[in-house]
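The values are calculated or read from the model by the stated rules, or taken from the named source; none is laboratory data. Since we're looking at a predicted model, the values are computed, not measured. Cβ placement follows ideal geometry from the backbone for every residue including glycine, while neighbour counts extend to all protein chains displayed.
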Amino acid sequence: MPANFKLITADRFIDGTGKQPIEKAAVLVENDVIRAVGPASSVKAPDGAQVEKIDYKGATLLPGLVDCHVHMNGIGDGRPGDELVKLPDEILTLQSARNARAHLYNGVTTLRDCGGKNRTIFHLREAVRMGITPAPRMVVAGRPMAIVGGHLNWFGIAATGRDECIAAVRQLVKEGADFIKITATGGSTGTSIRTKPSFNPDELKAIIDEAHKFGRHTVAHCVSTQGMINVLDAGVDTIVHAIHQEAGGEFKYRPDITERIAKQGVFVNPTLSIVKKNMDNIEAKVDAGTATRAEQASLDESKIAFEAMVNGFQRMRKGGVTIVCGSDTAWLDSPMGRFQQEIEAEVDAGMTPMEAIVSATRDSAKSLWMEDSIGTVETGKKADLVVIKGDPSKNIKNIWSVEDVFLAGHRVDRGNFV
């Protein structure tokens with residue numbers, strides 16, 4: 001059976017490593033793998049091969065986007081997780097399929113799901129494997145690790161003590177978890193306390209050691225300073241949110257924590273856009289005169305928190321921390337299919353467009369421990385590509401203009417909503 005070659009050409013190509021774009025570029029794909037890449041004049045298929053040629057004028061080829069933080073169970077209509085979780089598992093599984101498709105059609109070829117209810121995400125992954133529904137390549141945690149009453153505890157696991165923590169990790173590995181998500185502090189869950197650590201240090205060490213023993217990486221939700229200290233002590237791999245907030249609620253940047261994050265090679269996913277989206281929505285209500293007193297107070301608090309998040313983002317970057325790109329959709333009022341809002345938020349906070357593209361491709365792939373197969377357009381890697389109209393390295397807003405998506409060498413039918 002002859003090999004399936006595609007020769008894809010475009011005005012330019014960005015490989016995801018941070019190098020300058022190559023003009024008049026080509027990528028040669030054999031089945032699901034990239035076989036050659038470079039100037040169109042030098043990339044050729046083998047003599048006599050059957051080749052499908054696809055040319056994109058006025059467009060840029062990028063690596064498929066990698067969203068390292070989603071919650072596919074979410075609806076993104078503003079309801080809190082405490083209400084979302086009351087929906088039946090069957091509805092949440094269907095919603096997850098819809099969300100996965102929305103992300104794929106908008107250029108995300110790999111995503112990391114950071115926690116869903118019960119076995120809903122595992123069921124979705126099996127449905128994708130069976131060809132029932134399309135989705136990006138999925139890296140999934142299943143249920144997140146939480147304490148009793150802690151953030152996301154209602155998704156299905158609440159562990160107390162080292163033994164229960166170890167048993168829960170083993171159960172998740174048995175069920176097929178690709179990594180372990182840990183809620184190391186409180187969060188938006190009503191019974192949790194945002195500024196307080198959740199798991200005790202010995203529990204965190206047990207979770208992370210057990211995950212590493214089975215070759216799984218770990219991701220920790222941290223919205224307080226002490227939470228970050230605790231997971232760094234325990235050997236975590238990625239910190240999400242990474243908010244420098246003291247137990248009393250004061251936002252106080254700690255350069256010593258940044259130094260530790262950089263030294264230990266821990267990735268940070270700041271999730272800037274979901275906070276900004278919430279602020280924009282409330283401001284629109286204020287302008288329309290429909291905001292409640294509670295929403296106005298929430299807006300004021302969010303502005304303070306967002307300023308602290310941006311400050312931390314900027315100073316962590318200067319301190320050598322690798323920032324990875326994850327949208328945290330479809331949480332709160334941010335639907336999936338809009339990963340680009342996080343890429344734009346990184347640019348607004350000080351990254352160049354090219355730095356933000358690297359964050360959303362190569363570096364996010366590194367945080368998934370998948371940089372050997374995805375994240376950059378290089379020979380031997382999976383043929384995950386997104387075609388963007390215009391040049392996003394000069395104007396990041398072009399990143400929204402998705403013309404085509406290739407997953408493992410196959411052009412995605414973005415009109416398929418079955």
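Things worth noting here:
- Residue check for Glu371: surrounded by fewer than 24 Cβ atoms within 10 Å (Cβ to Cβ), free of Cβ contacts under 8 Å to residues at least 12 places away in the same chain, of a type in the set (D, E, K, R) and outside any helix (DSSP H, G or I): yes
- Test: residue in the range 161-179 that is under 22 Å from the mean Cα position of the chain (by Cα), small (Gly, Ala, Ser) and assigned by TED's automatic domain parsing to the domain that holds Lys213: yes
- Cβ pairs under 9 Å, 6+ apart, first in the range 310-336 and at positive phi, second at pLDDT 95 or above and among the β-branched types (Val, Ile, Thr): Gly320/Thr258; Gly320/Ile261; Asp328/Val70; Asp328/Val240; Asp328/Thr271
- Of the residues making up the range 380-407, just one is at positive phi and surrounded by fewer than 18 Cβ atoms within 10 Å (Cβ to Cβ), namely Gly380.
- Close Cβ contacts (under 9 Å, 6 or more residues apart or on different chains) running from residues in the range 75-86 that are over 14 Å from Lys117 (Cβ atoms) to residues that are outside any loop (DSSP other than H, G, I, E, B) and not aliphatic (A, V, I, L, M) comprise Gly76/Asn99; Gly76/Thr329; Gly78/Asn278; Gly78/Asn281.
- Tally, over the range 102-149, of residues that are of a type in the set (Phe, Trp, Tyr) and out of contact with any Asp or Glu (no Cβ under 7 Å at 6 or more places or on another chain): 1
- Within the range 345-368, the set of residues being surrounded by 22 or more Cβ atoms within 10 Å (Cβ to Cβ) and of a type in the set (Gly, Ala, Ser) comprises Ala345, Ala356, Ser359, Ala360, Ser364, Ala365, Ser367.
- Scanning the range 330-344 for residues that are under 12 Å from Val70 (Cα atoms), surrounded by 24 or more Cβ atoms within 10 Å (Cβ to Cβ) and of a type outside the set (Ser, Thr, Tyr) gives Ala330, Trp331, Met336, Phe339, Glu342.
- Only residues that are without any contact (Cβ under 8 Å) to a residue 40 or more places away in the chain, outside any helix (DSSP H, G or I), hydrophobic (A, V, I, L, M, F, W, C) and within 17 Å of Gly176 (Cα to Cα) were counted in the range 102-137, giving 1.
- Scope the range 39-89; condition on the phi > 0 side of the Ramachandran plot, within 30 Å of the chain's Cα centre (by Cα) and modelled with pLDDT under 95; matching residues: Gly76, Gly78
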